[in-house]
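Novice: Pasting a structure below so you can have a look.
The values are calculated or read from the model by the stated rules, or taken from the named source; none is laboratory data. Bear in mind that the values here come from a model prediction, so they are computed numbers and not experimental data. Glycine also receives a Cβ, built like all others from the backbone with ideal geometry; neighbour counts cover every protein chain displayed. Only protein heavy atoms, including side chains, enter the accessible area calculation; ligands, DNA and RNA are left aside. Shrake-Rupley method; radii C 1.70, N 1.55, O 1.52, S 1.80 Å.
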Amino acid sequence: MRNFIEQMRSQGLVTDVHEPVSSRFDAPKRAFSTDKLLFFHNLDGKKAVMNLVASREALAVALGVPSGELVPKLAKCRYNGTLKDAGTLPLRPVNLDEIPIMENYPKEGGRYLNSGVVFSRYEGIENASVHRMLKAGKDRLVARLVEGRHTHTLHKKALAQGERLPVAVVIGMHPLVLFASCSRVPESMELPFAAELLGGEIPVYTLPNGVRVPDAEIILEGYIGSETAVEGPYVDITRTYDPERIQPVIELTGMYTKPDFIYHGLVNAGDEHKLLMGAPYEPLIYRSVAQVTGVTDVVLTKGGCGYLHGVVQIRKRTEGDGKNAIMAAFAAHTSLKHVVIVDEDIDPANLSDVEFAIATRVRADRDTLIIPGVRGSSLDPSRIGDGLNVKMGIDATMELGKEGEFVRAVWED
């Protein structure tokens, strides 16, 4: 993570904040107002970073490619990196009070650790995923485990055997490891995917509980057993409050920190949250659309919470390609609510350009596709009560054979 921060600093993409800043509302409010990387030199007396990877530009810096090549590069990944055994780490007693875990919004359940990745291992299966975790004491976190997701499944399996699920909470890692942990990949492939993104290999440490973890600023060892507690309310991706739930407790048993560690904090509903939620789906949509037509880029938009709205840029081959691309996008990302298909001359990251395409190339009776009664996102406050929703696709591409009627006037150099 430190190397990446210096890469960003060398390109003028870091704002250093030297004055004292509070972890209660102050730092989160500052991070919410920008997508620039903020480095706090005195956050409750500690060093901290926010907006580590809050823009496509930052993700491009991490990957070492132009931002326009992000999605095609990610779509080619095969999750085939290798793991290098780096031995063990010296653990000490846990004290979460040493970490400036932030209180992001009024009316939330308390201080949330939501930038940490939960690594777990059970019966040979490994997983890495991001969960929001409510601080519940010096050695307790209450984690929201979404039903049916891998951590939840492994936890249920361990409890059925009368055992606890061994886990590690890892904070402050290279952003490509974080990105890989947010991605939908085959079982046990998060660390190999991270290794591939980092050039082919990643060192991993084995904790006393058997969980393997990457290099990071802070590592917390623990277990998820049968203990539960109240979690929430929590402001989720749509900046609306998710309700209280009874959720499992992570019992922490050991702690490792680098000397003078840098804490990575994340403001929920901010740009980093949106990027980490949505960007991992962009290559999945790209691959799916590539099965039906030529595809050149995919963007999940900030205004769509980085998750619910998408723009897909295609190289149209036949007149039906726009609608086929709509259906392929919805199949790849089932939480996607609205998608716009555009031509190659429209920048999918420029919403003014996208609106122009809708304004000049769409006839609503012909170019919109309404799909009722399908699964949507549980985070959408307008969803139907049983979890279903209505989706809309817009084919904002030019009619083949009539491209000359849509050409925009430009000045020649």
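Novice: Using DSSP, restrict attention to beta bridges with both residues in segment 318-397 and report what percent are antiparallel, rounded to the nearest 5.
Specialist: Working: 6 of 10 bridges.
Percent antiparallel among DSSP bridges in segment 318-397 is about 60.
Novice: Still on this structure, please answer the following. Quick check: from the Cα gyration tensor, does segment 195-238 come out rounded (a/c under 1.5), prolate or oblate?
Specialist: In terms of gyration-tensor shape, oblate.
Novice: Using only the Cα atoms of segment 5-64, build the gyration tensor, take square roots of its eigenvalues as a ≥ b ≥ c, and label the shape rounded, prolate or oblate: rounded if a/c is under 1.5, else prolate if a/b is larger than b/c, else oblate.
Specialist: Values: a/c = 2.68, a/b = 1.76, b/c = 1.52.
Because a/c hits 1.5 or more and a/b exceeds b/c, segment 5-64 counts as prolate.
Novice: Something else now. Per residue and in Å³, how big is the convex hull formed by the alpha-carbon atoms of segment 40-183?
Specialist: Working: hull volume 25.6 nm³, N = 144.
Normalising the Cα hull of segment 40-183 by residue number yields 178 Å³.
Novice: Taking the Cα centre of the chain as origin, sum charge times position over the Cβ atoms of Lys and Arg (+1) and Asp and Glu (-1), and report the length of that vector in debye to the nearest 20. Spell out each step's value before the answer.
Specialist: Numbers: 47 positive and 54 negative charges, 163 e Å.
The calculated dipole for the chain is roughly 780 debye.
Novice: So, one more: Tell me the angle of helix 321-332 to the major Cα principal axis of the chain, expressed in degrees between 0 and 90 and rounded to the nearest ten.
Specialist: That works out to roughly 10 degrees.
Novice: Computing the accessible area with a 1.4 Å probe over protein heavy atoms, can you report the carbon and sulfur percentage for the chain?
Specialist: Values: 8840 of 17450 Å².
Of all accessible area on the chain, carbon and sulfur atoms account for 51 percent.
Novice: Give the relative contact order (percent, whole number) for segment 53-191; include only Cα pairs under 8 Å separated by 6+ residues. Could you put the intermediate results ahead of the total?
Specialist: Values: 166 pairs, mean separation 32.8, N = 139.
In percent, rounded to a whole number, it is 24.
Novice: By how many degrees, 0 to 90 and rounded to 10, does the Cα axis of helix 351-361 deviate from the longest principal axis of the chain?
Specialist: 30
Novice: Would you mind working out the accessible area per residue for segment 99-150, using a 1.4 Å probe, and quoting it in Å²? Could the numbers behind the result be given before it?
Specialist: Details: 1830 Å² over 52 residues.
Per-residue value: 35 Å².
Novice: Label segment 39-86 by shape, choosing from rounded, prolate and oblate, from the square roots a ≥ b ≥ c of the eigenvalues of the Cα gyration tensor; if a/c is under 1.5 it is rounded, and otherwise prolate applies when a/b is larger than b/c, oblate when it is not. Walk me through the numbers before you get to the answer.
Specialist: Numbers: a/c = 4.25, a/b = 1.53, b/c = 2.77.
Taking the square roots of the gyration eigenvalues as a ≥ b ≥ c, segment 39-86 is oblate.
Novice: Given the DSSP H assignment, sum -39500 (n - 2.57) over each helix run of at least 4 residues in the chain and divide by its residue total; what's the result at 222 nm in deg cm²/dmol, nearest 500? Display every interim value, and only then the final one.
Specialist: Working: 12 runs with 100 residues, N = 413.
Theoretical 222 nm ellipticity from helices: -6500 deg cm²/dmol.
Novice: Tell me the relative contact order for segment 55-118 as a rounded percent, counting alpha carbon contacts under 8 Å between residues six or more apart.
Specialist: Across segment 55-118, relative contact order equals 14 percent.
Novice: A follow-up question, please. For segment 236-376, what D do you get in µm² per second when you plug the Kirkwood radius from alpha-carbon pairs into Stokes-Einstein at 25 °C and 0.890 mPa s? Spell out each step's value before the answer.
Specialist: Values: Rh = 17.2 Å.
Stokes-Einstein gives a translational diffusion coefficient of 142 µm²/s.
Novice: Compute the relative contact order of the chain as a whole-number percentage, counting only Cα pairs closer than 8 Å that sit 6 or more residues apart in sequence. If you can, show how the numbers build up before the last one.
Specialist: On the way: 930 pairs, mean separation 60.6, N = 413.
It rounds to 15 percent for the chain.
Novice: Give me the accessible area per residue for segment 261-377, probe 1.4 Å, as a whole number in Å².
Specialist: Heavy-atom accessible area per residue stands at 37 Å².
Novice: For helix 150-160, what angle does its Cα long axis make with the longest principal axis of the chain, in degrees from 0 to 90 and rounded to 10?
Specialist: 40
Novice: Considering only the chain, what is the antiparallel percent among its DSSP beta bridges, to the nearest 5? Before the final figure, lay out each step's value.
Specialist: Working: 59 of 82 bridges.
Approximately 70 percent, going by the DSSP bridge assignments.
Novice: Beyond a 24 Å Cα-Cα separation, which of these cross-linked pairs lie in this structure: K274/K337; K73/K402; K138/K274; K323/K402?
Specialist: Details: K274/K337 15 Å; K73/K402 32 Å; K138/K274 29 Å; K323/K402 18 Å.
Pairs exceeding 24 Å: K73/K402; K138/K274.
Novice: On to the next question. Evaluate the Kirkwood expression for the hydrodynamic radius of segment 154-194, namely the inverse of the mean inverse distance over all pairs of different C-alpha atoms, and round to one decimal in Å.
Specialist: Working: mean 1/r = 0.0841 Å⁻¹.
One over the average 1/r among Cα pairs gives 11.9 Å for segment 154-194.
Novice: A further question follows. Would you mind checking which residues have amide H under 5 Å from R132's amide H? H placed 1.01 Å from N; only 5 or more apart, or other chain.
Specialist: Close amide H contacts, sequence-distant or interchain: R144.
Novice: A further question on this structure: Would you mind pulling out the separation of the Cα centroids of segment 16-62 and segment 80-140, in Å?
Specialist: 19
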